[in-house]
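J.: I have a structure I would like to understand better, so I am pasting it below and will then ask my questions one at a time.
Coordinate-derived values only; no laboratory data. Bear in mind that the values here come from a model prediction, so they are computed numbers and not experimental data. Backbone-built Cβ (ideal geometry, glycine too); neighbour counts: all protein chains shown.
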Amino acid sequence: MIQQRNNIRLFEGVDRVAILLYLLLVLAGLTCVASAGYDDSIEGFFNFRQNHIKQAMWAGVAFVVGLFILLLDSRYYHMYAYYAYVGALIFTAGTIVMPEAIAPITKGAKAWYELGPVRIQPAEFAKIATALAMARMMSNYSFNIHKASDLCRVAMIILLPFAIILLQNDTGSGVVLCSFIFVLYREGLNKWLCIPIIMVATLFIFSFLFTPLILLIVLVLIFTLSSAMMMGGAWRMHAIFLAGIALSAFVLYGLSSIFFDGALSGYQSLIITVIVAIVVAGVYAVRKHITSIFLTLALFIGSMIFVPAADLIFESVLQPHQKERILSFLGIINDPAGIDFNVNQSKIAIGSGGLFGKGFMQGTQSKYFVPEKHTDFIFCTAGEEWGFIGTVIVLSLLCAIILRLMKMGERQQEPFSRIYCYSVAAIFLFHVMVNLGMTVGLMPVMGIPLPFMSYGGSSMIAFTILLFIAIRLDASPSKGAYALN
Amino acid sequence: MANDDVYTRRMILRFIVLLIFGVIACRIGYIQLIDTRYKSMAAGNVLNYEVQYAPRGEVVDRRGEFLVQSMECYDLMVIYRDLPKEGFDTTRLCNILSLSKERLVRELRNARAYPRAPRLIIDYVAKEAKLRFEEHNFQGFYTVQRTARQYPRKIGGNLLGSLGEVSENDIKRGEGEYKKGDYIGKSGLERAYESYLRGDDGVKIMERDRHGAIKGSYMDGMYDTLPVPGLRITSTIDARLQAFAEELMEGKMGAVVAIEPSTGEILVMASSPTFDPDAMVGRQRGNNYMDMLYNPQTPMFNRAVQARYPPGSTFKLVQGLIGLQEGTLTPENAYPCNGGYHWGNVKMGCHAHASPLDLRNAVAQSCNAYFCYVFRNIIENRKFKDVKEGLDRWVEYVHSFGFGRKLGSDFLDEQEGYVPTSERYDRVYRGSWNGHTVLSLSIGQGELGCTPLQMANLAAIVANRGYYYIPHIVKAIEGQDSLDRRFYEKQYTMVDAKHFEPIVEGMWRGVNVPGAGTSSRAYLPGWDVCGKTGTAQNPIGRDHSTFLSFAPKDNPRIAISVYVEHGGFGATTALPIASLLEELYLTDTITRPELVQQVKNLPYALPSRYVRKNDSAKK
């Protein structure tokens, strides 16, 4: 056994299907970048200043890094997971405190290191480390997903980098961490707890589209419902609770408008009622020893502070130009031509592809009219030049690699490997969902790259590392050897 | 966790993945195969973005009279690709737009490098020319409406400032607010209030067919945005007074600043020589700019906020106030003056007047010797360890009067002036200096440098008996209730209000008691004018003439500082200008037309360095 461990052969046990899918996706990405990012003013297809040549070099670097990962013993990932986590957090938080010379503000976010010609986005690496740390914690023998304290610790692991990335003002990258709910669900998280979390994540993405009043009402409904589900019925009690909130908010609003000349708005009276209701529910839970209510309440308070507070801060604290920048960063306003303009151009480009597409280097819409055509909107080029057939092939590749990762996870004996594989699948899925969603106009525009295809060294290397660690864990010849370490 | 539960969860997750991909694939299929709208939009149809430039905000004076207006004008643009293949009538185009043929050919050659991109051929096309241009329908050319600045009164060149095209730096700093070809405030009020004045450009998206002709609005204007005009700004300036000040200062170098003491609003801010702000608009802008740049009298240098002048005798007010506050001087203190101040071989000359004088009369008579004693008593006070500490304390006081630092007005070009500190003297004299070395500070000479704005602010401080409001040039912004908070906060000096009485009394006597002072020509019957002359020596020519004044004595309405470089005695040049402006502001009339003539015809010779060698510009 010892001999085997120290002599890992490079491709022994490696999942060749995953590697093949990876290479195909990188190749597809390079082809698109070559077409979309081609700079007419630079002479020569193989000029080193062309985007696709740069991207090819990044892909080469990434592949070498991947090979290096395959050479490392899989135990190291388990051993150093927490160190990597702490290191990555410090690295990520560094951008906030660093002077602007090293960490410049780009598009309102302070999320990049700029060292000469190289730009690094530490959040990409924080994702890897978070996946590792989460896998390590949840694979612990004594870990029990149904225990509130254990659940809180996992939440801490996810929320810490989330908070740091939000502080960088890089909302898009931060929301990616919400995808870990996927993993938690696989590991047995109570399904009625999943729903509110997913809803909150969705609400956050769309929060700027709703008024605080609607948000609050939706939140109250969701949490009451899931609380009822978690307690296995108790419908009547929750119905009374809901009716109580609605009635008292209504009465409060009515009283204030009769006696105090409308001192309270509808939103304010509802919020007051809800706060009172939380206290009442808390007291009730203490007296009846119902812990599940606590969990729901805590989640509810968290999301209630988070969502409308984001809105409140947004409305009152920020300067108009900052607001505009954030809105345009979130895709609510896009200059120069109003809401959804980018998305509309992107849809025109994809739509013009038809069934068979226009052919390599023949696309004009994506090249001339789509902004960020070789980074976030790379999929437009695929759509325009390769048509429906081509996009379905690309979609299948992306879908296949995610399903493959899930399958790899399922065949592990070790929880650590399984959880990690699932985390990678979740991250990929989220990226693909949001990126393609915005490209075809199903989601607001967020600056999230398409794995392996979008132009950019940081994301290429980070995605490769994510994938290859999973492949390495899967290929480990001594499955189970480190479990008792 | 039971095994079948795990199995269900795996299946659900797999189902979710497939569902997400399925939805996306359906959506793409719909866009690419079913909805033909996108295809027709892309198939040869190209969108054309017409920027709708927002009209820039206008500026009015405190009475609502226009200082800056916006005038319609047009940019002529070309898209090279769309030019007719068989050529077009260049002569007619040139005639309509009064454009030289060489220039047109040159611009078209430049445009060929980027055939898809709109390119500017000529700007500031008048409305009539644009209408004639449209009659002829030149393919490939189009006009874009812009607004140009127009100055009905042609006053306040440096005050209002000018616009220019954005630089690369502006674009980078603006983070997407500006694009190439936009205009931005380059100086003066235009620059300080850029964000309010500029408004937001709109865009009109037009759809074009495969031949390049405009087919109509894209998606019925769904993505069009309207331009939001810039906000109108009400300036604190009194246009009538400003014009009169510029008229009186014509041919002289210097600056006039007047402030309303009760609010800090700047009534007049004239820097002379000035320029016609209309010269900075239009096709001749470049030439006019270069001409002014090489003018030795530097008309674009805003003396009112940037010059560093020695304040001369007007600074004695500060000296006296500090002495009173420090307790080293009482109003009854009298010092002798026999033609000046003598100490060993140090001598500070003075003019002939009665002696000895008390503080009130010393202010009125502007006695040099008196304030030498005052200054020495301040900095050589025994409570200080040495004279350095005394001087540093004195500097603190002077700073509190707004000297040696920016006042924080809304005028971005404002400069600090200069107040020397003990460190500076330690450096220059290698540590060995005393009260006599720095004696010239006592009468506002030496290293002291003040901007006319700071001096006017001093007048406002004395008028208010000890505090000021930060001077500002904007009274109101359209749609906003208030200005920045700092303009509403009283800024106190380190001298208490009770000490101001003798100084004000001295300034009043200087004007209103015949023979008691230097400023009697500033007398306006019934208005209780208070004033202080100043005559500042300078190394390169005749003395600078300055006058500092406010009126009326109680509840003052105007505080003014006039500074005329090389104007001689304070009472000769600066005083009548200030007096006439006060009269116009307070009484709305000019009762002394002969004084106006006298000011305009004053013998005035500038040192040779300010005279243009080959005076070709004036031909």
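J.: Rank these for me by crowding, A:I448, A:I301, going from fewest to most other beta carbons within 10 Å.
T.: Result, fewest neighbours first: A:I301, A:I448.
J.: Here's another thing I want to ask about it. Using the Karplus curve 6.51 cos²θ - 1.76 cosθ + 1.60 with θ = phi - 60°, work out ³J(HN,Hα) for each residue of segment B:561-575 in order, rounded to whole Hz, and write x for Gly and Pro.
T.: Computed from phi, the couplings for segment B:561-575 are 10, 10, 10, 10, 5, 6, x, x, 4, x, 6, 7, 10, 5, 4 Hz.
J.: HN-Hα J couplings of segment B:370-382 from phi, Karplus 6.51/-1.76/1.60, θ = phi - 60°, integer Hz, Gly and Pro as x?
T.: 4, 7, 5, 4, 4, 4, 4, 5, 5, 7, 9, 4, 5
J.: Let's test the formula: R0 of 45 Å, r as the Cβ-Cβ distance of A:R153 and A:V14. What FRET efficiency results, to the nearest 0.05?
T.: 0.85
J.: Which semi-axis lengths, in whole Å and largest first, follow from the square roots of five times the eigenvalues of the Cα gyration tensor of segment B:116-191?
T.: Listed largest to smallest, the semi-axes of segment B:116-191 are 28, 21, 7 Å.
J.: Between B:K101 and B:N338, what is the spin-label point distance in nm, taking each point 7 Å from the Cα along the Cα→C-beta axis?
T.: In this crude spin-label approximation the distance works out to 8.9 nm.
J.: Per-residue HN-Hα couplings for segment A:48-57, Karplus 6.51 cos²θ - 1.76 cosθ + 1.60 at θ = phi - 60°, whole Hz, x for Gly and Pro?
T.: These are the phi-based 3J(HN,Hα) values: 5, 8, 5, 4, 6, 5, 4, 4, 4, 5 Hz.
J.: Okay, moving on. Could you list log10 I(q)/I(0) for the protein assembly as shown at q = 0.05, 0.06, 0.09 Å⁻¹, which the Debye formula gives when each Cα is one point scatterer?
T.: Cα-only, vacuum Debye calculation for the protein assembly as shown: -0.52, -0.71, -1.09.
J.: Counting other beta carbons within 10 Å of each Cβ, put A:H431, B:H136 in order, fewest first.
T.: Going from least to most buried by this count: B:H136, A:H431.
J.: Can you figure out the FRET efficiency of A:V65 with A:A163, using R₀ = 35 Å and their beta-carbon distance, to the nearest 0.05?
T.: 0.80
J.: Rank these for me by crowding, A:W235, B:W527, B:W508, going from fewest to most other beta carbons within 10 Å.
T.: Going from sparsest to densest Cβ surroundings: A:W235, B:W527, B:W508.
J.: Charges on Cβ only, +1 for Lys and Arg, -1 for Asp and Glu, centred on the Cα centroid of the protein assembly as shown; of A:A131, A:M406, B:I378, which one is farthest towards the dipole's positive end?
T.: In the protein assembly as shown, that residue is A:M406.
J.: Pairs of alpha-carbon atoms within less than 8 angstrom and 6+ residues apart define the contacts here; what relative contact order does segment B:486-549 have, in percent?
T.: For segment B:486-549, the relative contact order is 21 percent.
J.: Here's something else I'd like to know. Could you give the C-alpha radius of gyration of segment B:376-455 expressed as a fraction of 2.2 N^0.38 Å, taking N as the number of residues it contains?
T.: Dividing the Cα radius of gyration by 2.2 N^0.38 Å gives 1.16.
J.: Taking beta carbons within 10 Å but only from partner chains, what does the mean come to for residues B:11-23?
T.: Mean partner shielding for this stretch: 5.
J.: Using amide H atoms built 1.01 Å from N in the peptide plane, name the residues 5+ places from B:R146, or on other chains, whose amide H lies under 5 Å from its own.
T.: Residues meeting the amide H criterion: B:C73, B:Y74, B:D75.
J.: Counting DSSP beta bridges in the protein assembly as shown, what percent are antiparallel, to the nearest 5?
T.: Just about 95 percent of them are antiparallel.
J.: Give me the one-decimal nm value for the distance between modelled label points at B:E65 and A:S142, 7 Å along each residue's Cα-to-Cβ direction.
T.: Placing both labels 7 Å along Cα→Cβ, they lie 8.7 nm apart.
J.: Would you mind putting A:127-138, B:237-248 in packing order, based on average other-beta-carbon counts within 10 Å, highest first?
T.: In descending order of packing, they fall as A:127-138, B:237-248.
J.: Also: Could you work out the mean count of beta carbons from other protein chains within 10 Å of each residue's beta carbon in A:435-442?
T.: Mean shielding count: 4.
J.: When only Cα pairs under 8 Å and 6 or more residues apart are kept, what is the percent relative contact order across segment B:217-295?
T.: After rounding, I find 23 percent.
J.: In nanometres, what is the gap between the two model label sites at B:V428 and B:T330, each 7 Å from Cα along Cα-to-Cβ?
T.: 3.5
J.: Going 7 Å from the Cα of A:M237 along its beta-carbon direction, which residues of segment A:130-161 have the amide nitrogen within less than 20 Å of the resulting point?
T.: Under cut-off, by backbone N: A:147-148.
J.: Moving on to the next point. Just list whichever of B:K347/B:K388; B:K406/B:K490; B:K475/B:K498 have alpha carbons separated by over 19 Å in the model shown.
T.: Going by Cα-Cα distance, B:K347/B:K388; B:K475/B:K498 fall outside the 19 Å limit.
J.: Normalising by the residue count of chain B, find the relative contact order in percent from Cα pairs under 8 Å and 6+ residues apart.
T.: 13
J.: Next question, about the same structure. For B:N538, list long-range residues whose amide hydrogen, built 1.01 Å from N in the peptide plane, is under 5 Å from its own amide hydrogen.
T.: When sequence neighbours closer than 5 places are left aside, the close amide H contacts are B:H544.
J.: With no solvent and one equal point scatterer placed on each C-alpha of chain B, evaluate the Debye formula and give log10 I(q)/I(0) for q = 0.05, 0.07, 0.08 Å⁻¹, two decimals.
T.: -0.34, -0.58, -0.69
J.: Enter the angle in degrees (range 0 to 90, nearest 10) between the Cα long axis of helix B:101-112 and the first principal axis of the Cα atoms of chain B, meaning the one along which they spread out most.
T.: Its long axis makes an angle of about 60 degrees.
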